[in-house]
Structure formats: structure tokens, C-alpha cells
Amino acid sequence: MKNQTTRQSDAPSFAELFTPKLVTVLREGYGVPQLRADTIAGLTVAIVALPLSMAIAIASGATPAQGLYTAIVGGFLVSMLGGSRFQVGGPAGAFIVLVASTVALHGMDGLLLATFLSGLMLAAVGLLRLGTFIKFIPFPVTVGFTAGIAVIIFASQIRELLGLTLEDEPGELLEKLPALWAARESVSPAAIMMSVATVAIIVGLRRWRPHWPGMLIAVALTAVATALLAMPIETIGTKFGGIPSSLPAPNLPSLSADRITAVLPAAISFTLLGAIESLLSAVVADGMTGRRHRSNCELVAQGAANIGSSLFGGFCVTGTIARTATNVRAGAHGPVAGMLHAVFILLFMLVAAPLAAYIPLAALAGVLAVVAWNMIEKPAIAILLRSGWGEATVLGATFFLTIFRDLTEAIVVGFALGSVLFIHRMSRSTEIVARTAFVGQDEADSAHPREAYDEDLAANPDVVIYRITGALFFGATASIGSVLDRIQDTHKALIVDFSGVPFLDSTGANMIEGLAHKAHRQGVALWLTGATRDVQRVFVTHGLRRPLVHHAKTVDEALASVRNPTPIATGQQAV
């Protein structure tokens with residue numbers, strides 16, 4: 001048994017922090033088997049990203065070609081320079097609202113300039129090593145603004161889903177809905193049929209043939225039906241004239257003091273959302289693979305990708321959770337898969353550009369409707385609503401501010417509410433455990449009775465004990481989680497002692513839940529010991545119960561169970 005305590009390690013060098021994962025993978029040794037795995041994964045992700053990139057671009061007020069430019073240039077640079085082994089970049093649904101409002105206010109030139117400035121800001125944030133602070137966003141805030149964005153995305157697609165004729169569609173939701181209702185007489189049965197067919201094909205294939213590219217198949221079938229039946233429906237060809245068959249020449253956006261000042265708020269919003277979305281996606285990849293990303297290196301890569309995208313006429317680039325998860329599930333070995341995904345999209349554009357003209361806009365709207373539904377984290381929302389009024393308030397405030405006000409304002413207010421909630425709960429915890437220090441203090445050996453030190457137990461390679469002292473809240477989750485991830489990989493049992501934890505919030509519980517699922521997959525028994533009633537209640541709410549984890553009153557009790565697998569009767573085993 002190794003009794004682990006938190007200690008400061010030597011600070012990593014600049015090279016260690018900012019070396020792209022591509023270099024790391026190549027140093028490990030890269031041969032034909034690895035290239036074969038990355039090629040298959042890259043092709044799989046490209047098939048998913050192709051229709052999605054065009055759909056997101058159209059919903060954002062850009063052209064489908066710009067969505068492809070963003071996926072090709074931005075996606076290639078994110079994988080080549082990034083600090084995540086499996087991150088796949090491209091246009092993201094989370095940016096639809098911000099991009100559409102920027103185009104409406106400043107035009108396409110303003111969007112390209114805002115993307116360029118955002119790239120510079122993201123690179124600066126990474127080089128200043130501020131990426132760690134992005135991880136301090138509370139869990140209810142990320143769930144709330146993601147759900148809010150999903151609602152706005154779906155609302156933005158109602159027009160295409162129903163084939164409505166509307167000359168000027170308002171951007172604000174409260175103004176949009178009455179305008180759509182006023183245009184209800186122009187509903188197109190052909191558009192409804194195509195959008196419903198698209199959703200049905202995607203959902204059906206996901207259930208019956210989950211490994212098939214449902215989105216691409218749905219878009220291809222509806223395009224063929226539109227062409228053969230000459231359906232009276234709006235397509236990429238009728239609205240945009242198709243897509244080009246090559247990349248444009250790079251061009252620097254127009255830089256002037258007045259123009260920069262005008263688009264600066266949009267650029268800041270792009271930077272904030274891009275950093276959060278990218279690092280969340282990298283964390284998801286870490287949880288699926290057991291790897292660790294370099295957050296600041298990832299932000300520098302996101303900055304370079306946004307600069308490159310803007311030079312080729314693209315818009316905001318960020319790491320995307322759906323494509324990154326697809327990359328992992330497809331068996332990717334490293335960043336080469338993401339680079340090849342961009343190359344495959346370029347080849348598709350070169351070869352199949354004329355066929356894209358027949359793709360109905362209603363089909364792409366159906367794709368985004370499915371994306372919006374998947375963005376809403378239904379189980380997480382249910383858990384947060386059951387967690388108490390605090391998490392529900394933060395979740396609700398972030399959700400409604402995202403829909404009716406502004407995304408940046410929603411994140412700032414949600415973070416502030418989460419901080420106030422933490423202070424309130426800490427003040428109550430301090431009264432309850434008035435004699436328990438939140439930070440370890442020096443004391444004499446005789447201060448508390450101690451058992452004799454057993455060096456045989458300390459050298460046991462099968463079991464590791466980790467004791468957390470102090471509040472486990474959103475501010476401490478990143479550092480604690482990274483340590484826990486490292487120490488569980490080579491052991492048969494991990495015991496995490498919560499006897500010194502007076503408070504656990506939903507972000508900390510979400511981290512422990514992710515740790516539990518990872519340990520379960522690796523065959524590591526995770527024991528949670530010494531939890532107070534309040535902490536136990538949070539465990540139960542987040543599903544941290546048997547068989548996923550084991551509970552015991554004390555560390556010694558857990559050790560006895562590890563040595564002797566026969567269940568022992570404790571008051572907490574049924575938690």
C-alpha cells in the first residue's frame with residue numbers, strides 16, 4: 001500500500017508544456033499499424049464531419065463552403081499542433097448563435113476579422129498559461145449553457161425544417177417565434193417530409209446499425225430523392241450555387257483600428273467559448289482513453305487554427321466533443337487521425353462538389369435538430385435538479401440567460417452564482433466541523449494516537465490510498481482529478497478517503513463519477529471511505545453506489561475488504 005499525499009512536483013519546462021502531442025506520438029514510434037488505425041479513424045470522422053460542417057455553416061449565416069474550409073484548415077492545425085492526442089477540431093454547433101449575430105452586425109468581413117483576433121487571443125491565453133483557469137467553470141454552468149445553445153440551435157432550424165418563406169428572420173428567440181408563427185401559411189410539405197426522413201434515418205441507423213455513418217447516409221439519400229423526384233425544395237444549389245472544388249488562396253482580413261474595435265466584443269466571446277469548448281472536449285477524450293492533455297498547448301493550437309481558418313475564408317474553430325469521441329471510438333492512435341480527417345474532407349470536396357448542389361436544406365436542418373437534441377445532457381440535468389436548490393439555480397440561470405440574453409453574460413453570471421453558492425455552503429460547513437482544519441497543520445506526534453508504521457503495507461503495489469483534505473469543489477477539481485487519474489492506473493484497488501472533506505459540490509462529484517467509470521473499465525476497485533452524511537448524499541445523487549464503487553466507514557475497513565473479498569456488514573455498504 002502506498003500512502004499518497006499531495007506534494008508539489010518540479011514545474012514543467014516550457015518545452016514540456018507546449019510540445020504538441022503529434023511530436024510525442026512520433027517519438028513513441030510510429031509505423032504502418034498505427035498509420036492504418038489513424039487512417040480508418042480519420043475517414044470515419046470525415047464522414048461524420050462532412051454534412052455537419054455544411055449544416056453548421058448554413059445555420060451560422062455563412063456558406064457551406066466556408067464550413068468545409070473551417071473543417072479542413074482548422075481541423076488540420078488543431079490536430080497537428082494540439083496538446084490532446086485525440087482532439088478533432090472544426091466548426092461547432094455551440095458557435096452558431098455567436099457567429100450568426102456577428103454576421104448580422106458586422107458582415108462576413110467582420111466575422112473573418114473576429115475569428116482572426118480570437119485566434120490571437122487564444123494563443124496568448126495559452127502562452128500565458130491561463131488554460132488551467134478555464135477548468136474552474138462549475139459543472140452546472142457548462143450543462144446550462146450547452147442546453148441553452150441547443151435550444152437556440154433548434155429554434156434557428158425551424159424555418160428550414162418546415163420550409164417556411166420568411167424574408168427577414170429575427171435573431172432573438174422572443175422575436176423569432178412570433179415571426180415564424182406569422183409565416184405558418186407557407187409551410188412546405190416537401191421540406192417537412194425531407195426533414196422528418198432525415199431525422200428518422202439518423203435515429204433508426206443509430207439504433208439498428210450504430211457503426212454506420214447515419215448523418216451522411218441520411219443527407220445522401222435525401223439528396224438523391226430530391227434530384228430524381230425534382231422536388232420543389234430549397235437546396236444548396238438553389239441558395240448558394242453549390243460549393244467550390246478547391247480551397248481559396250489565403251487572404252489576410254482587413255485590419256483597421258475602427259474595425260477591430262467594432263468586432264472586439266465578438267472576438268472575446270469567440271475566445272471564451274472556444275477555450276471552454278475545446279478543453280471540455282479534451283477532458284472527454286481523456287476520460288475515454290485514460291490520457292492527459294496539455295491544456296495550454298491545446299489553446300495555442302486552437303489559436304493557430306482560428307488564424308489559419310480566417311485566412312482561408314473560414315470561421316471559428318474549436319475542438320468538438322462529438323467528432324473527438326467518434327475519433328476515439330474508431331480506434332485512432334494519435335493526432336494523425338485528426339489530420340487525415342481534414343485531408344479526407346478536402347478530397348471529398350474536390351471530387352464530389354457538383355453532387356452537393358442537390359442536398360436539401362431541410363435535410364441539413366434535420367441533422368442539426370438531432371445535434372441539438374444530443375447536446376442536451378439529460379442525465380446530468382436530472383442529477384443537478386435533484387442535487388438541491390443551489391445547483392438548480394445555477395443551472396437555470398445559465399440556461400435562461402443563454403437563451404434570452406447573451407452567452408458570455410450567462411457564463412459570467414453562472415460562475416458568480418456558483419462561487420457565491422460555494423461560499424455559502426463553506427460557511428455552513430465551517431460551523432458544523434469547527435474543529436476540522438481545511439488545510440493540514442503541523443502538530444506533535446503525541447497529538448493524536450497513531451498505529452505503528454507498517455512498511456510492508458506501505459510497499460504493497462496492489463493498493464493505493466489517497467486522502468483528500470479540504471473542500472472538494474469546482475476550484476480544486478482539476479488538480480485533484482489529475483492526481484487521482486495518475487495513481488490508479490497500475491493498482492488493483494484505489495481507496496479515496498473523504499474523512500477530511502467537509503464539503504463536496506456537483507463538479508467534484510462529477511469528477512469522482514468519471515474516475516469511478518474509468519476505474520471500473522480498468523478493473524480497479526474504487527473505495528470511498530469516511531464520507532459525512534452530506535457527502536454521502538451527493539454520492540447517491542450522482543449514482544456513486546455499488547457495483548460502480550464500494551463504500552466503507554474507515555480506511556481500515558476498506559483494506560480488510562480488499563484483502564478479503566467477502567462482503568462485510570457496514571452501515572454504508574448499501575449506499
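Points to keep in mind about this one:
- Rough spin-label spacing in nm, given labels placed 7 Å along Cα→Cβ, for Asp258 and Leu228: 5.6
- R0 of 35 Å, Cβ-Cβ distance Arg521-Thr393: FRET efficiency to nearest 0.05: 0.55
- For the Cα trace of the range 159-199, dividing Rg by the Kirkwood Rh returns an Rg/Rh value of 1.01.
- Counting neighbouring beta carbons within 10 Å and listing from fewest to most, the residues Ser53, Ser561, Ser278 come out as Ser561, Ser53, Ser278.
- Taken along the Cα-to-beta-carbon direction at a fixed 7 Å, the label points for Arg206 and Val343 span 3.1 nm.
- The range 152-258: chymotrypsin sites (Phe, Trp or Tyr not before Pro) in DSSP coil with no more than 15 other Cβ atoms inside 10 Å: none
- Relative contact order of the range 32-375, defined on C-alpha pairs under 8 angstrom at six or more residues apart (%): 43
- Taking other C-beta atoms within 10 angstrom as a stand-in for reagent exposure, Cys316, Cys297 fall in the order Cys297, Cys316, fewest first.
- Span from the the range 347-363 Cα centroid across to the the range 144-182 one, whole angstrom: 25
Values quoted throughout were computed directly from the atomic coordinates according to the rules given, and no laboratory measurement underlies them. Here the structure is a predicted model, which means the values were calculated and not measured. FYI the Cβ positions are ideal-geometry reconstructions off the backbone, even for glycines, and counts take in every protein chain you see.
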